[in-house]
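Chemist: Here it is, the structure, as C-alpha cells.
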Amino acid sequence: MTQPHPGQIDPDVVVLGGGMAGLSFACALAQSQGPSPLHHALVLEPRPSYVQDKTWCYWQQGTSPFDQAITHRWQHWTVSHAGHTHTCSCTETPYVRVDSGRFYEIAQGIINDSKAVSLRLGARADRVDACDEDVTVTSGKDRIRTPWVVDTRPTDIPDGTLLQHFMGWEIQTDQDVFDPSTVTLMDFAPAARDIHFFYVLPFSRRRALVETTHFSMSLLKDEQYRRELGGYLQTRFGLDHWQITRTEQGVIPMPRRAPNLQLRGHKRVIPLGLHADTTKPSTGYCYPHAQDQAKRQARALLDGNFAAPPGARSELSRWFDAVFIGFLERYPERAGSIFLRLFQQVPSDALIRFLTDKAQPGDYLKVMTALPKGTFIRQALSHAISA
C-alpha cells in the first residue's frame, strides 16, 4: 500500500521498526483475515531504503512467504573442538541461508499489494505516549493515535548479560578452498579466554561467509575481530589473499531470563524482535522464531486477543535456556567440549528441534542426558534458588 499522507492518522496498529521482525509481522497481517477486520496497519522504519545487510540462517522445517529469499541449502554441518570434528546430516531438515536483500524485496511486495498495511520509510518514532485507552506515536509532524503498538526497536542491554557478538566477512578467493556441501557451524578457537568459535557458510569453492563469534559479557574492538578473521583464513585454509565483498557485524543478547510479554511495561505496547521475546536466548537464533511469532501475534490481533499476546516459547524451553546459559556463564572453558558432545550424542532431528524451539519432552531428555549430569543438576538448583 502507498504511504499515507502526513497529518493525523489513526491506524489499528503501529509497528515501530521495519526490520526482519517488524516486516514479518506486517506481512502476516497483510496475508491474514479474522473476525475483527484490519482497516490499517502502519510500519515506521527509519532507514530510507533497504540493502542487503544481514545473513539469517536456520533449519528449515516448513514453508514461509519468504522462501524465495533462500539462496543456499546444506544437509551437512560440522562442530570442531580440540582436534575433534563431528559431522551431522539431516536430509529432511536442511540448514538454509536467507538473503536479507531478497527478504526486504519480498516483504515490500507483500505490503505494496495489501490494502490494509503500509510501510513508511525514513520515518522514526520520536515519542511514544501510552495510556489505558490508546497510544500516541509522534513521528516528525505526525501524531498517530492507535490502540496498539508493536515495538521492534533495539533497547539497552542490561549489564551482566551474556552477549553473542560477531563480525563476518563475505570473501572471494582465487583458489578452491571451501567445501560447498558442508557448513562449519562451530570451530572452537584453542586457548580462548571466553567462548570463541568460527562459523563458515560456503557458497561455492571460492566464496564464503566467515564469522568470528564470541559469547561473553563485553565486546571487542573491531581490529581484534579483523585479526581473528585474518588469522583463521590463514591457518585454517592456508589463504594469503582474499577479497572482502561484504562485512556484517552484530550483537545478540543471551539473557538468562528472557522478557515475558505478559510482564511488559505497558499493556498496549508489545515488544517484538531481537531485544524482546523473539530470539532463543541460548542460541541466538531469531529468524524462524520471528516468523512463527509474527503469525501468532497477527492472529491474536485479528481475533481480538492482543491484550494477552502469545509468548514465543514454553515455560520448559525458558527454564532450559536459563539453566544452559547459566552453565555457559559459569564454565566458558567447557563450552567447546559440551557443544561437541551435544552434536555427537543427540540425534540430529532431536537436536534441531531443541535448537529451533520445537523440542518435545523426549528431546529435552536426550539433550540433558548428553550434558554432564552432576554439573547440570547443580546449575539447575542454583537457578531455582536465584529465581
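Chemist: Is at least one residue of the range 129-151 open to solvent by less than 20 Å² (accessible area, probe 1.4 Å) and either among the basic types (Lys, Arg) or under 18 Å from the mean Cα position of the chain (by Cα) (or both)?
Modeler: Among the residues of the range 129-151, at least one is open to solvent by less than 20 Å² (accessible area, probe 1.4 Å) and either among the basic types (Lys, Arg) or under 18 Å from the mean Cα position of the chain (by Cα) (or both), which makes the answer yes.
Chemist: On to the next question. Could you grab the pairs with beta carbons closer than 9 Å, sequence gap of 6+ or different chains, first residue in the range 95-122 and open to solvent by 30 Å² or more (accessible area, probe 1.4 Å), second one of a type in the set (Val, Ile, Thr) and not in a strand (DSSP E or B)?
Modeler: ASN112/THR2
Chemist: Only residues that are within 20 Å of ALA26 (Cα to Cα), in contact with a Leu (Cβ under 9 Å, 6 or more places away or on another chain) and of a type in the set (Lys, Arg): list them for the range 47-100, please.
Modeler: Result: ARG47, single match.
Chemist: Shifting gears a bit: Inspect the range 341-352 for any residue being within 19 Å of the chain's Cα centre (by Cα) and modelled with pLDDT of 90 or more and give the result as yes or no.
Modeler: yes
Chemist: Every residue in the range 62-97 that is of a type outside the set (Phe, Trp, Tyr) and within 25 Å of ILE111 (Cα to Cα), please.
Modeler: GLY62, THR63, SER64, PRO65, ASP67, GLN68, ALA69, ILE70, THR71, VAL96, ARG97
Chemist: Could you identify the single residue in TYR232, TYR225, TYR331, TYR285 that is at pLDDT below 90 and of a type in the set (Phe, Trp, Tyr)?
Modeler: Values: TYR232 fails: at pLDDT below 90; TYR225 fails: at pLDDT below 90; TYR331 fails: at pLDDT below 90.
Exactly one of TYR232, TYR225, TYR331, TYR285 is at pLDDT below 90 and of a type in the set (Phe, Trp, Tyr), namely TYR285.
Chemist: How many residues are among the basic types (Lys, Arg) and in contact with an Asp or Glu (Cβ under 8 Å, 6 or more places away or on another chain) when one looks only at the range 221-251?
Modeler: 2
Chemist: Evaluate the range 169-177: report whether one residue or more is in contact with a His (Cβ under 7 Å, 6 or more places away or on another chain), more than 30 Å from GLY265 (Cα to Cα) and not in a loop (DSSP other than H, G, I, E, B).
Modeler: Looking for residues that are in contact with a His (Cβ under 7 Å, 6 or more places away or on another chain), more than 30 Å from GLY265 (Cα to Cα) and not in a loop (DSSP other than H, G, I, E, B), one finds none in the range 169-177, hence no.
Each row is one residue, and each column tells you yes or no for (1) open to solvent by 40 Å² or more (accessible area, probe 1.4 Å); (2) among the charged types (D, E, K, R).
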residue	(1), (2)
GLN243	yes, no
ASN260	yes, no
ILE270	no, no
ASP277	no, yes
THR283	no, no
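Chemist: List the helices (runs of 4 or more DSSP H) that sit entirely inside the range 283-387 and contain at least 3 residues that are touching a residue at least 60 places away in the same chain (Cβ under 8 Å) and touching a Ser or Thr at 6+ places or on another chain (Cβ under 7 Å). Full working, then the answer.
Modeler: On the way: elements: 287-302, 315-330, 335-345, 348-355, 361-370, 373-386.
In the range 283-387, 287-302, 315-330, 348-355 are the helices (runs of 4 or more DSSP H) which contain 3 or more residues that are touching a residue at least 60 places away in the same chain (Cβ under 8 Å) and touching a Ser or Thr at 6+ places or on another chain (Cβ under 7 Å).
Chemist: Hey, does the range 180-198 have a residue that's within 12 Å of PHE166 (Cα to Cα), outside any loop (DSSP other than H, G, I, E, B), touching a Cys at 6+ places or on another chain (Cβ under 9 Å) and touching a residue at least 12 places away in the same chain (Cβ under 8 Å)?
Modeler: No, because not a single residue in the range 180-198 is within 12 Å of PHE166 (Cα to Cα), outside any loop (DSSP other than H, G, I, E, B), touching a Cys at 6+ places or on another chain (Cβ under 9 Å) and touching a residue at least 12 places away in the same chain (Cβ under 8 Å).
Chemist: When PRO255 is evaluated against the numbered criteria (1) within 25 Å of THR155 (Cα to Cα); (2) at pLDDT 95 or above; (3) not hydrophobic (A, V, I, L, M, F, W, C), which criterion, by number, is the only one it fails?
Modeler: Checking PRO255 against (1) within 25 Å of THR155 (Cα to Cα); (2) at pLDDT 95 or above; (3) not hydrophobic (A, V, I, L, M, F, W, C), the one that fails is (2).
Chemist: Shifting gears a bit: Return yes when ARG47 is under 22 Å from the mean Cα position of the chain (by Cα), of a type in the set (Lys, Arg) and surrounded by fewer than 16 Cβ atoms within 10 Å (Cβ to Cβ) and no when it is not.
Modeler: The answer is yes for ARG47.
Chemist: Please go through (1) under 25 Å from ARG153 (Cα atoms); (2) in contact (Cβ under 8 Å) with a residue 24 or more places away in the chain for LEU233 and return the number of the only condition it doesn't satisfy.
Modeler: All conditions pass for LEU233, except number (1).
Chemist: So which of THR155, THR91, THR63 ends up being surrounded by 13 or more Cβ atoms within 10 Å (Cβ to Cβ), modelled with pLDDT under 95 and part of a loop (DSSP other than H, G, I, E, B)?
Modeler: Selected residue: THR155, the only one of THR155, THR91, THR63 that is surrounded by 13 or more Cβ atoms within 10 Å (Cβ to Cβ), modelled with pLDDT under 95 and part of a loop (DSSP other than H, G, I, E, B).
Chemist: Now for a different question. Any chance you could count how many residues in the range 77-88 are open to solvent by 40 Å² or more (accessible area, probe 1.4 Å) and of a type in the set (Val, Ile, Thr)?
Modeler: So the answer is 2.
Chemist: Sticking with this one: Looking at ARG193 and the list (1) under 24 Å from the mean Cα position of the chain (by Cα); (2) open to solvent by 30 Å² or more (accessible area, probe 1.4 Å); (3) under 22 Å from PRO332 (Cα atoms), which single condition is not satisfied?
Modeler: Status for ARG193: all satisfied but (1).
Chemist: Could you count how many residues in the range 220-235 are surrounded by fewer than 13 Cβ atoms within 10 Å (Cβ to Cβ), in a loop (DSSP other than H, G, I, E, B) and not charged (D, E, K, R)?
Modeler: 0
The values are calculated or read from the model by the stated rules, or taken from the named source; none is laboratory data. These numbers come from a predicted model, not from an experiment. With ideal geometry, Cβ positions are generated from the backbone for all residues, glycine too; neighbour counts draw on all protein chains shown. To get the accessible areas, we keep the full protein, side chains included, count just its heavy atoms, and leave off ligands, DNA and RNA. Shrake-Rupley method; radii C 1.70, N 1.55, O 1.52, S 1.80 Å.
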